[in-house]
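Q: Provided herewith is a single structure, encoded as structure tokens, for subsequent inquiry.
The values are calculated or read from the model by the stated rules, or taken from the named source; none is laboratory data. In this text the structure is predicted, and so the values were computed from the model without any measurement. Neighbour counts are summed over all protein chains in view; Cβ atoms, including those assigned to glycine, are modelled from backbone coordinates with ideal geometry.
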Amino acid sequence: MKKIGSWLRENLLALVVPILLLSVWEAAGQLGWIRAALLPRPSAIAQVLVELIASGELFIHLGISILRVGQGFLIGAFLGVLVGVQIALVKKFRIALSLIFGVLRPIPVIAWIPVLILWMGIDEGSKITVIAIGSFWTVLVSVVQGIRSVDKKYLEVATILEKDQKTLLTKVVLPAALPAIFTGVRVGIDVAWRSVVAAELIAAASGIGYMIMYARELSQIDVVLVGVLSIGLTGVLIDQLLLLLEKRLLKWNVNLHES
Amino acid sequence: MSMIAASPQTLTIKGLSKRFQIDNDFVEVLNDIDLEVTPGEFVSIIGPSGCGKSTLLRMVAGLEQEYQGEIYLGDELIKGPRVNRGMVFQEARLYPWLTIENNVAFGLGHHHSAEEKKRIVAEHLELVGLSSFAKAYPHQLSGGMQQRVSIARALVNRPQVLLLDEPFGALDAMTRISMQQEIIRIWEAEKTTILLVTHDIDEAIFLGDRVVVMSKRPATAKAVIPIDLPRPRDRNSYEFVQVRKTIYSNFFSEVEVPFSYSI
């Protein structure tokens with residue numbers, strides 16, 4: 001309780017400003033300054049939100065999207081770590097892939113969606129692949145950066161102590177690179193979450209993106225807005241969960257505790 | 001792995017020269033160094049900054065392998081790092097993600113049972129007086145304590161030679177003095193050969209059985225001064241001050257005498 005109290009004192013503005021904005025918006029709607037067909041009042045949106053939660057529709061669609069993100073991200077991050085470690089440690093590998101990766105990496109994930117739809121149809125496969133591609137690059141880059149910036153002094157200690165390559169990698173290089181890798185994972189999941197919505201907006205029969213597009217076709221602006229805002233809220237939730245996990249896993253990282 | 005705790009061996013450095021390539025120029029760092037360190041001896045190496053004394057230590061450790069001349073430990077020609085030579089760097093270089101006991105245990109090889117490992121680590125934490133910090137993380141310790149952990153990590157393999165590369169250089173004056181007493185105590189308990197590189201003349205005299213004075217680059221072993229003072233040494237005793245004067249004059253003769261008399 002005490003913690004919540006002090007948090008409130010410090011971050012009061014973070015709550016006051018949105019409440020203020022919402023009241024102005026509500027008042028403007030009540031007074032008829034804003035057309036409800038374009039922007040319904042917050043209270044009306046809240047009402048739809050409650051209805052969608054009660055019917056289970058919102059959580060079903062969100063759940064489907066989150067599941068896709070989970071699957072796609074696991075594949076993308078796993079491959080990202082695997083390839084990233086090789087690129088960072090094996091010079092030949094790095095050179096062999098540099099040109100190919102240089103061309104592929106700047107392509108926005110969304111540009112792959114039409115390609116993947118042609119290849120794989122609009123089933124789960126294409127969506128999961130889009131997410132995997134998006135998270136692959138961010139995780140890959142952070143793994144390579146993390147490993148390559150490991151302090152040489154740490155490596156020398158292991159050399160002096162005659163450690164083999166495996167010990168060096170698992171006990172020194174990876175732990176040292178873990179904070180950077182974690183940052184990559186957080187950004188990667190963010191990218192994954194954006195990609196899934198994009199994929200569902202273009203072609204899907206379920207998921208939060210589909211819910212938004214379907215409501216747009218029926219001109220249900222309130223449902224569209226509930227969908228859009230719930231994407232943001234879910235994003236915040238995922239990020240907070242990852243932060244918690246990071247604090248747990250990287251107890252030793254002093255920089256983390258200060259922020 | 002029976003070489004651990006084998007009979008003590010002499011460290012022999014023969015005709016050691018080293019040059020670095022910077023762009024297209026060669027900079028000669030060490031020039032024809034000869035030194036023999038008998039088992040159990042404590043030798044301090046002192047020299048102006050940039051003279052290559054740390055490089056010399058890194059060569060003995062096996063971290064630098066491009067040089068002319070030979071280094072032997074007993075009959076073994078040194079070609080690379082091996083656990084029979086332990087090293088402590090200027091920074092403690094502890095792994096921040098490992099607890100103190102795990103940092104020390106990292107020094108050990110695979111050929112120990114879990115129980116043995118535990119016992120050896122506990123013994124060495126006891127030796128450096130940090131038993132109660134076994135579960136702590138490095139960032140929770142002061143600089144001096146971290147350096148003691150680093151010494152424990154270097155000692156767990158019972159190295160024949162312990163190489164100390166300006167180990168107390170980053171510590172404050174008070175901590176440095178207590179660490180110097182500490183290292184003498186550890187040396188007397190462990191009876192390892194110690195090679196210490198320092199830029200602190202008092203430290204070199206206080207600790208060493210002999211002090212090797214190196215010249216400016218390209219560095220040669222300009223003088224080897226035996227310190228026949230009983231331990232514990234008094235930094236203000238007449239004999240101590242005499243030795244300090246000798247080393248000072250050795251050091252500054254080629255540049256200038258900093259304390260020239262003026263009337």
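Q: For residues that are among the hydrophobic types (A, V, I, L, M, F, W, C) and either in contact with a Pro (Cβ under 6 Å, 6 or more places away or on another chain) or surrounded by fewer than 18 Cβ atoms within 10 Å (Cβ to Cβ) (or both), tally how many sit in region A:67-85. Before the answer, list the steps.
A: Filtering region A:67-85 for residues among the hydrophobic types (A, V, I, L, M, F, W, C) gives A:67, A:69, A:73-75, A:77-79, A:81-83, A:85.
Pick out the ones that are also either in contact with a Pro (Cβ under 6 Å, 6 or more places away or on another chain) or surrounded by fewer than 18 Cβ atoms within 10 Å (Cβ to Cβ) (or both) and you get A:67, A:74-75, A:78-79, A:82.
Selection size over region A:67-85: 6.
Q: Sticking with this one: Looking only at region B:42-84, how many residues end up being crowded, with 18+ Cβ neighbours inside 10 Å, within 14 Å of chain A (Cβ to nearest Cβ) and either over 27 Å from A:Lys163 (Cβ atoms) or touching a strand residue (DSSP E or B) at 6+ places or on another chain (Cβ under 8 Å) (or both)?
A: Looking only at that region, the number is 10.
Q: Another one. For region B:125-159, how many residues are within 14 Å of chain A (Cβ to nearest Cβ) and either surrounded by 22 or more Cβ atoms within 10 Å (Cβ to Cβ) or at negative phi (or both)?
A: 19
Q: Hey, among B:Leu98, B:Leu94, which residue is within 10 Å of another protein chain (Cβ to nearest Cβ), surrounded by 22 or more Cβ atoms within 10 Å (Cβ to Cβ) and assigned to a loop (DSSP other than H, G, I, E, B)? Please lay out each step first, then the result.
A: Working: B:Leu98 fails: surrounded by 22 or more Cβ atoms within 10 Å (Cβ to Cβ).
B:Leu94 is the lone residue from the list that is within 10 Å of another protein chain (Cβ to nearest Cβ), surrounded by 22 or more Cβ atoms within 10 Å (Cβ to Cβ) and assigned to a loop (DSSP other than H, G, I, E, B).
Q: Name the residues in region A:165-184 that are within 30 Å of B:Val161 (Cβ to Cβ), surrounded by fewer than 20 Cβ atoms within 10 Å (Cβ to Cβ) and more than 9 Å from chain B (Cβ to nearest Cβ), would you?
A: A:Gln165, A:Lys166, A:Leu168, A:Leu169, A:Thr170
Q: Does A:Leu97 count as under 25 Å from A:Gln145 (Cβ atoms), without any contact (Cβ under 8 Å) to a residue 40 or more places away in the chain and either touching a Pro at 6+ places or on another chain (Cβ under 6 Å) or in the same structural domain as A:Val224 (by TED's automatic domain parsing) (or both)?
A: Taking the combined requirement at face value, the residue satisfies it.
Q: Evaluate the following for B:Phe20: is it surrounded by 22 or more Cβ atoms within 10 Å (Cβ to Cβ) and more than 14 Å from chain A (Cβ to nearest Cβ)? Quick ask: steps written out before the conclusion?
A: On the way: surrounded by 22 or more Cβ atoms within 10 Å (Cβ to Cβ): no; more than 14 Å from chain A (Cβ to nearest Cβ): yes.
It is false that B:Phe20 is surrounded by 22 or more Cβ atoms within 10 Å (Cβ to Cβ) and more than 14 Å from chain A (Cβ to nearest Cβ).
Q: Out of (1) within 14 Å of chain A (Cβ to nearest Cβ); (2) more than 22 Å from B:Ser150 (Cα to Cα); (3) not β-branched (Val, Ile, Thr), what's the single condition that is false for B:Asn103?
A: Here B:Asn103 clears every test but (2).
Q: Okay, moving on. Among the residues of region B:23-40, what is the count of those that are in a loop (DSSP other than H, G, I, E, B) and buried (at least 19 other Cβ atoms within 10 Å of the Cβ)? Before you say what the answer is, go through the steps one by one.
A: Applying the first criterion (in a loop (DSSP other than H, G, I, E, B)) to region B:23-40 yields B:23-24, B:38-40.
Remaining after also requiring buried (at least 19 other Cβ atoms within 10 Å of the Cβ): none.
Matching residues across region B:23-40 total 0.
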